[in-house]
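The values are calculated or read from the model by the stated rules, or taken from the named source; none is laboratory data. Since this is a predicted model, take the numbers as computed values, not measurements. Cβ sites come from the backbone with ideal geometry, for glycine too, and all protein chains shown count toward neighbours. To get the accessible areas, we keep the full protein, side chains included, count just its heavy atoms, and leave off ligands, DNA and RNA. Shrake-Rupley method; radii C 1.70, N 1.55, O 1.52, S 1.80 Å.
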Amino acid sequence: MLDGSDIMLEKAKESLSGDNFEYIHQTFESFIDEPVEASTYDFICSSNAIHHLDHTEKEQLYNKMYKALKSNGLFINIDPVLPNSSLSEKYQFQLWVDWINNNLKDHGSQDKIGKYDHTPNSYKDKDENKPSKLSTQLSMLENVGFKDVDCFYKYGVFAVFGGTK
Ligand SMILES: C[S@@+](CC[C@H](N)C(=O)[O-])C[C@H]1O[C@@H](n2cnc3c(N)ncnc32)[C@H](O)[C@@H]1O
């Protein structure tokens, strides 16, 4: 498990039990810069992190992950992606807000409905979030060499996509 934040790694340790985990405190940027051991992993999965990298860094990281996978290994990225147009963004942000409010309702927090409606725009305004379009990233994966490249699930801006080596 690799993350640039010690705090996040500590949280992961609390959630996971067993010895079969390695916790690596490293940024994606330094992972990209270092040589990678080829054909090591059967499965690489990333969740809600790669959208912090810019276009070029994403490409470099996908390249490294491809190298690190064994033949037929699978890479899955669960990440927010950039809507294709402002109209698409409007609908996808509304889906996000509706999802939050429905969850608040289902969990008996009716008093908080509407309180988090700013969430999608706050996410968009933060410089640390650099989502790329889904179509761009699917092409990136194919160009790196991945096969079976596809989006397996998408709800608004949140996508599950990847491919095999
Ligand atoms: C929204 S959190 C998701 C954490 C976890 N992967 C999950 O799904 O619960 C985003 C994570 O990306 C990590 N991150 C952001 N930029 C990074 C970078 N350049 N290198 C390594 N990790 C990074 C942060 O430290 C943070 O833990």
Inspect all residues belonging to the stretch 71-86 and state whether any of them is under 23 Å from PHE158 (Cβ atoms), within 16 Å of the ligand (Cβ to nearest atom) and open to solvent by 60 Å² or more (accessible area, probe 1.4 Å).
yes
Search result, residues across the stretch 41-63 that are more than 9 Å from the ligand (Cβ to nearest atom), closer than 15 Å to LEU2 by Cβ, surrounded by fewer than 18 Cβ atoms within 10 Å (Cβ to Cβ) and of a type in the set (Ser, Thr, Tyr)
TYR41
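Can you tell me which residue is least open to solvent (accessible area, probe 1.4 Å) among those in the stretch 111-136 that are among the acidic types (Asp, Glu) and assigned to a loop (DSSP other than H, G, I, E, B)?
ASP117
When you check GLU37 against the structure, is it more than 21 Å from TYR153 (Cβ to Cβ), open to solvent by 60 Å² or more (accessible area, probe 1.4 Å) and within 16 Å of the ligand (Cβ to nearest atom), yes or no?
Values: more than 21 Å from TYR153 (Cβ to Cβ): yes; open to solvent by 60 Å² or more (accessible area, probe 1.4 Å): yes; within 16 Å of the ligand (Cβ to nearest atom): no.
No; evaluated as a whole, the condition is false for this residue.
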Count, please, the residues in the stretch 3-34 that happen to be open to solvent by less than 50 Å² (accessible area, probe 1.4 Å), near the ligand (Cβ under 8 Å from one of its atoms), outside any loop (DSSP other than H, G, I, E, B) and touching a residue at least 24 places away in the same chain (Cβ under 8 Å).
3
